[in-house]
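What follows is a short report on a single structure.
The values are calculated or read from the model by the stated rules, or taken from the named source; none is laboratory data. These figures come from a predicted structure and were not determined experimentally. Because the Cβ atoms are built from the backbone with ideal geometry, glycine has one as well, and the counts that use them run over all protein chains shown.
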Amino acid sequence: MIHISQFRGKRIHMIGIGGSSMSGLAGMLTDNGYLVTGSDNTRSYLTEMLESKGISVCIGHRAENVEGADLVIFSAAISADNPERARARELGIPEMERSTLLGQLMEGYKKAINICGTHGKTTTTSMIAEVLLDVGLDPTIHIGGQLDYIGGSTRVGGHDTFVAEACEYHGSFWEFHPTIAVVTNIEEDHLDFYKDLEDIYQSFARFARLLPADGILIGNGNDPLVRRLMREQTCRVVSFGLTADCQWAPYNLTYDAHGCADFDAAFKGRAVAHIHLNIPGEFNVMHALATMAVCVVAGATPAAVASSLQHFTAPHRRFEHTGDVCGVALYTDYGHNPAEMYSALENAKMQPHRRLFAVMQPHTYSRVKTLFNDYIHCCDLADEILVTDIFAAREKDPGDIHATMLVDAIAKTGKSVHYTPTFDDCEKYLREHWAPGDLVRTMSCGDIHLLNAQIQRHGDHF
């Protein structure tokens, strides 16, 4: 089996380099002495960021892009018939999947902290990374999002602590080498790869078995499948949650006018630190408790963790306030499965507002088909719902699912819902119906954040 260390100083070509994880890995490889090039279907702020670091990025996948490369890296979203992968095979250039690369990079770290779960991974990973930096542990970091505190999605630090977001899609996290694993939740998603919820659970169980005998599993004690996972472990287990039966729990929990929490973090019933968060929502209380559990295990004091958490701001596209137009607050969020979108709107409801507009960009045909009934109710908290065309991402249109089917089903529940297929349609509807004091929340891991940018570019005088 090939190992990335064999290619130091050589050319690594990355297909899909503009992805959140791939772009971070590109930066990490460059910082470690590798010559990196890449390609992506579209130009984005991530490809521009890579180019500013001297990394050559080709827009469009073409066979000739891989010529002269010593190793090709691809993500699970890049199929075997991609022209660059096909050409690499013709030329005998070795290939490596993204998760294998990330797993190899974390080998040998005493504290390899992997954060997984159906949702909440990026924010929790970002919190943990920022706190460990603040307490002086000098972590190497890989996040599936952009965190201003580290100037991107990766950081090359010391050789003791590695913090990495661990994705379950296509079993990617099976390639990792955790010594500390965090599980935020286990729910239905990625049913284009997994058969059902039990299959998803077994994937997480396989990941947990990667922990060594002296490893630690830190899990959400309020999630039934995570509790089941913790019961099955032979290594040390630490639970966190909102209830007193969890080892880490919040006492005296209150929220301010913007939904930001204030509470005492308690371990086994004893308050050990007071936490005030500057990001809203109950799920961020959960993220903070997970962070406290991890960082204390890693050697930080509860007081130092609490001090760092009060300054934490979320990574980009996690309840991100992008600006105000016509007196309307515009937010965007990466949430793309129904549970994430519902939580995102719970957060939005906590903000001062007149009416709440939810703009949903359904993500992938397979996800909409398999979670269709959940999609119907994921925007129930909104006053008005706009639904764009489905964002295909890695998929081809199967012809048996369309955004209008979702709109019709939502309409039958009595909600005010509108089919706005394009960003121009969305903007037109919003500007015709919003009023000062309203809040607009765009949601998807596709390109829906570009709608915010478009509206703000046009400004108050459209």
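Couple of notes before you dig in:
- Some residue of region 28-35 being out of contact with any strand residue (DSSP E or B) (no Cβ under 7 Å at 6 or more places or on another chain) and either outside the structural domain of Ser75 (by TED's automatic domain parsing) or surrounded by 18 or more Cβ atoms within 10 Å (Cβ to Cβ) (or both): no
- Selection status of Thr30, assigned to a loop (DSSP other than H, G, I, E, B), hydroxyl-bearing (Ser, Thr, Tyr) and modelled with pLDDT under 95: no
- Within region 326-343, considering residues that are in contact with an Asp or Glu (Cβ under 6 Å, 6 or more places away or on another chain) and modelled with pLDDT of 85 or more, the one surrounded by the fewest Cβ atoms within 10 Å (Cβ to Cβ): Cys326
- Per this entry, Arg43 is not counted among residues that are in contact with a strand residue (DSSP E or B) (Cβ under 8 Å, 6 or more places away or on another chain), touching a residue at least 40 places away in the same chain (Cβ under 8 Å) and among the charged types (D, E, K, R).
- Test: residue in region 277-288 that is assigned to a loop (DSSP other than H, G, I, E, B), in contact with a Ser or Thr (Cβ under 8 Å, 6 or more places away or on another chain) and touching a residue at least 24 places away in the same chain (Cβ under 8 Å): yes
- Count of region 179-224 residues, restricted to those that are free of Cβ contacts under 8 Å to residues at least 12 places away in the same chain and exposed (fewer than 15 other Cβ atoms within 10 Å of the Cβ), is 7.
- Residue ID - farthest from Thr364 (Cα to Cα), chosen from residues in region 168-207 that are more than 16 Å from the chain's Cα centre (by Cα) and among the hydroxyl-bearing types (Ser, Thr, Tyr): Thr179
- Within region 190-226, the set of residues being within 21 Å of Val296 (Cβ to Cβ) and not in a loop (DSSP other than H, G, I, E, B) comprises Ala208, Ile216, Leu217, Ile218, Gly219, Asn220, Val226.
- Residue that is modelled with the lowest pLDDT [pool: residues in region 239-270 that are within 22 Å of His353 (Cβ to Cβ), assigned to a strand (DSSP E or B) and not small (Gly, Ala, Ser)]: Cys260
- Where Thr42 falls short, out of the listed (1) touching a helix residue (DSSP H, G or I) at 6+ places or on another chain (Cβ under 9 Å); (2) in a loop (DSSP other than H, G, I, E, B): (1)
- Qualifying residues in region 344-371 (those that are basic (Lys, Arg) and modelled with pLDDT of 90 or more) - the one nearest to Leu450 (Cα to Cα): Arg355
Yes/no per residue for (1) within 20 Å of the chain's Cα centre (by Cα); (2) within 30 Å of Gly144 (Cβ to Cβ):
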{"position": "His363", "(1), (2)": "yes, yes"}
{"position": "Asn373", "(1), (2)": "no, yes"}
{"position": "Asp400", "(1), (2)": "no, no"}
{"position": "Thr420", "(1), (2)": "no, yes"}
{"position": "Asp460", "(1), (2)": "no, no"}
